[in-house]
Ligand SMILES: [Zn+2]
């Protein structure tokens, strides 16, 4: 293989999961959403024009899944995220339930806002247009207050979903996002979210506690379940490959998926506490949420009350003190203090 070509470039520089977007591009463009150059049918890879190394060009950055992609709204240049789902599928039914004016009007609704749903004629697909967000746990938390704010929003949001008789059923860090607009004002690249533009260098951010409010959202309702008869009688029977730790999961014995949600959120809180030793005081909240017996797990509202109770006992100065992830070395602490962020070395600086 030519040194200037990415893996697989002999046939096409696009990953197989990306190719569908090239077919969707003209339609999405006609509906006011522009994809990056890489996904245009007439795209000519920059590195072939400049006869240079592919990794020096933004259009070499791939996305390795075929359902979700970033785009720019033509009308105002705003970055958004598009998700392709089945027009008649279960996920769309859940989404329609979450975007009703009354559901959206509730401040506890922490499901990702949907700007628009675009149905693609003559195909089974619709595109959800959503705000551009990033993983909720990076950049790192500055202080205990930031942790409490994030976890509170997710607990409140889960309570809200459960009151609508919807179990998310796939709660995990990758499905929990934050609106980065205030925290990372220089933005991030969808393929390399720890860079601003896809190239290496300094990734700088504002502490969340200095730019409040910061909104957190649940995304991805692809596994979500709706129980019109209510939460208490809800039963489901399915194993989840990605969650081997949940004790009651079974494809033979039915269980209540709302209690699985609580376990999954509790597991996520455990992981945050594992990452930041200074958060240890909050451990009992996560421990209760991950009780082996599903019936011993609190409701999200009760977990939130528990979190607030612990928080109330911590002095305000301690809550706003800087905390660090346990593997944070001196160099990172210095670059954060002096330069305002961390340096990443994904890609060389562009030369053209
Ligand atoms: Zn802070």
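The values are calculated or read from the model by the stated rules, or taken from the named source; none is laboratory data. Quantities reported herein were computed from a predicted structural model and do not represent experimental measurements. Cβ placement follows ideal geometry from the backbone for every residue including glycine, while neighbour counts extend to all protein chains displayed.
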query = Which residue pairs have Cβ atoms closer than 7 Å, lie 6 or more positions apart in sequence or on different chains, and pair a first residue in region 136-152 that is assigned by TED's automatic domain parsing to the domain that holds residue 300 with a second residue that is within 10 Å of the ligand (Cβ to nearest atom) and part of a loop (DSSP other than H, G, I, E, B)?
reply = 141/323; 142/207; 143/321; 143/323; 144/323; 147/141
query = So how many residues does region 80-98 have that are surrounded by 16 or more Cβ atoms within 10 Å (Cβ to Cβ) and closer than 27 Å to residue 23 by Cβ?
reply = 10
key: Residue satisfying condition, being more than 29 Å from residue 107 (Cβ to Cβ) and surrounded by fewer than 18 Cβ atoms within 10 Å (Cβ to Cβ), within set 237, 209   = 237
task = Only residues that are more than 18 Å from the chain's Cα centre (by Cα), in a strand (DSSP E or B) and within 16 Å of residue 19 (Cβ to Cβ): list them for region 58-76, please.
result = none
request  = Output the number of the condition that residue 82 fails; it satisfies all remaining conditions of (1) over 26 Å from residue 262 (Cα atoms); (2) within 16 Å of the ligand (Cβ to nearest atom).
outcome  = (2)
remark   = Counting only strands (runs of 3 or more DSSP E) entirely within region 126-229, those with at least 2 residues that are within 16 Å of the ligand (Cβ to nearest atom) and over 16 Å from the mean Cα position of the chain (by Cα) are none
